[in-house]
Amino acid sequence: MTAWRGVLVLGLMVGMGVAAQAPVTLKDAYKADFPVGVAINTAQITGQDARGDATIAAQFDSISPENVLKWEVIHPQPGKYDFTLADQYVAFGVEHHMWTVGHNLVWHSQVPGWVFRDDQGNLLTRDALLERMHDHIRTVVGRYKGRIQSWDVVNEALNEDGTLRTSLWEKIIGDDYIAKAFEYAHEADPQAELTYNDYNLENAAKRDGAVALVKKLRAEGVPITCVGIQDHDSLTWPTAQQEGDAIDAFAALGVKVSISELDVDVLPSVFGQQTSDVGAHAASNPKLNPYPNGLPDAVQQQLAQKYAELFRVFVAHKASISRVTLWGLTDGDSWKNDWPVRGRTDYPLLFGRDGEPKAAFGAVVGVVR
Ligand code: G3I
């Protein structure tokens, strides 16, 4: 019996003699707490993954675009925007009445090199780059005004020690590129939730750097309304205490918190420390890929317990949380299979490669049922 049928049959048995019960879904289980979201890929956006689309519509009440709103996709050349996939993504959200997230406007990655250079290949002046950023944000946010409810305005601007990352944005414009991005986004859609989004915010040094940044922005009147804690996690990190402390630290500043990119890596750590820096890579090695043919039950249970622990923290902090988003639908969809080592078999999400809910799904639903 498939897991779906198992859930359905259980529902029918429980309801026997009364009324048949529908299977429990994530969005219904967490209705009183927060929207539960999922990052969707091109196959799901274009309808090529019909099985995935049915699960997304049934289970989730928020979506994020895994890649299609990133600069390199939506604005590949000077003056040339390509809204083909982004329009389909937003239409999916509208059709299913979902809290639709825009990811992202200003990042050091997945941004074409031309953005920072003039026709001769020289780095732009501050004013010229600000004008380019302004045009991009005005065009993209303006187009989806009222249909995208929440924007990741600035993504991953901090180093692990909490200092500002050196990027071409920062080098050419200066530290206030962050404030400017939020101002432009607010100007283009005054109603939208505007987020600073980063990983490893549960580690004290980076969290404190982000707290200082958000405090400064708020004191200057910059329209930031949310911090996205990505939560690219492992079986041992972050602890419940670290997770709760991070949420509390941002909530105390008067902003909402979104859990924006949740997944839980079960494979051996490659760098000896937690990171989600997309620039980090390592060579493949069979020792780093221990479960190519399936996840042992003991690890499946550990994964379920870690998910339950995290969702217990989210529920305890629900007054501060605007959404919880899984970074992908099924294990087969996950970026983790190719990062930081290509071709591994990871199991970081709530649905398996067969599209069926895993033990971790039951554990997440079990937190509130
Ligand atoms: O589109 C090309 C395709 O044409 C080509 O054939 C194929 C061959 O490798 O690559 C495709 O591009 C890939 C792209 O995803 C779309 O699938 C890139 O190689 C791959 O590097 C890229 O990875 C994305 C990654 O961001 C890149 O920065 C992941 O899907 C996406 O999950 C990940 O998401 C980020 C968030 O935006 C920010 N936070 C961290 C998170 C995980 O890295």
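The values are calculated or read from the model by the stated rules, or taken from the named source; none is laboratory data. No experiment lies behind these values; they were computed from the predicted model shown. Here the Cβ positions follow ideal geometry from the backbone for every residue, glycine too, while neighbour counts run over all protein chains shown. The accessibility values were calculated without ligands, DNA or RNA, using every heavy atom of the protein model including side chains. Shrake-Rupley method; radii C 1.70, N 1.55, O 1.52, S 1.80 Å.
Across W339, W237, W114, mean-square fluctuation computed from a Gaussian network of the chain (C-alpha pairs under 10 Å connected) peaks at W114. Take the Cα radius of gyration of the range 191-242 and divide it by 2.2 N^0.38 Å, N being the number of residues; the result is 1.27. Modelled label positions at K80 and H134, each set 7 Å beyond Cα in the direction of Cβ, lie 2.6 nm from each other.
For the chain, DSSP calls about 10 percent of its internal beta bridges antiparallel. Here the accessible area of the range 269-340 is 49 percent carbon and sulfur, with a 1.4 angstrom probe and all protein chains present. Take the range 84-220 with all the other protein chains still there, run a 1.4 Å probe, and you get 41 Å² of accessible area per residue.
Rank by packing, highest mean first: peptides 157-169, 340-352, with packing defined as the count of other Cβ atoms within 10 Å averaged across residues.
Highest-to-lowest ranking by the protection proxy: 340-352, 157-169.
Mean residue ellipticity, 222 nm, helices only, the chain: the sum of -39500 (n - 2.57) across DSSP H runs of n ≥ 4, divided by residue count and rounded to 500, is -11000 deg cm²/dmol.
The mean accessible area for residues of the range 300-345, using a 1.4 Å probe and ignoring ligands and nucleic acids, is 33 Å² per residue. Modelled spin labels at V299 and D354, positioned 7 Å past Cα toward Cβ, are 1.8 nm from each other.
If packing is taken as the average count of other Cβ atoms within 10 Å, what order do 290-303, 177-190 fall into, highest mean first?
Highest mean packing first, the order is 177-190, 290-303.
In the range 128-277, how does Rg compare with the Kirkwood Rh, expressed as the Rg/Rh ratio over alpha carbon atoms? Radius of gyration over Kirkwood radius for the range 128-277 works out to 0.98.
A convex hull fitted to the Cα coordinates of the range 231-312 yields 115 cubic angstrom per residue. Heavy-atom accessible area, probed at 1.4 angstrom with all protein chains present, ranks D33, D118 as D118, D33, highest first. How much of the accessible area of the range 26-94, probe 1.4 Å, is carbon plus sulfur, in whole percent? Using a 1.4 Å probe with all protein chains present, the range 26-94 comes out at 54 percent carbon and sulfur. DSSP finds beta bridges in the range 60-168, and of those with both partners inside it, around 30 percent are antiparallel. Computed FRET efficiency, Cβ-Cβ of S234 and N159, R0 22 Å: what is it to the nearest 0.05? The pair S234/N159 has a calculated efficiency of 0.60. Note on the chain: GNM, Cα springs under 10 Å; of G37, G52, G121, the largest mean-square fluctuation is that of G121. Here the alpha carbons of the chain define both size measures, Rg and Dmax, at 20.6, 77 Å. Comparing mean-square fluctuations of Q44, Q241, Q120 from a GNM of the chain with C-alpha springs under 10 Å, the top value falls on Q120.
Gain on full extension, evaluated as 0.36 nm per residue between K171 and D118 minus their Cα-Cα distance, stands at 17.5 nm. Compactness ratio for the range 48-110: Cα radius of gyration over 2.2 N^0.38 Å (N = residue count) comes to 1.21.
Within straight-line reach of K336, meaning a Cα separation under 28 Å, sit the following lysines at least 8 residues removed in sequence or on another chain: K27, K70, K206, K256, K287, K306, K318, K358.
Could you compute the net charge surrounding A192? Neighbours are other residues with a C-beta less than 12 Å from the C-beta of A192; K and R count +1, D and E count -1.
Working: positive: K145, R147; negative: D152, E187, D189, E193.
Combined, the nearby Lys, Arg, Asp and Glu give -2.
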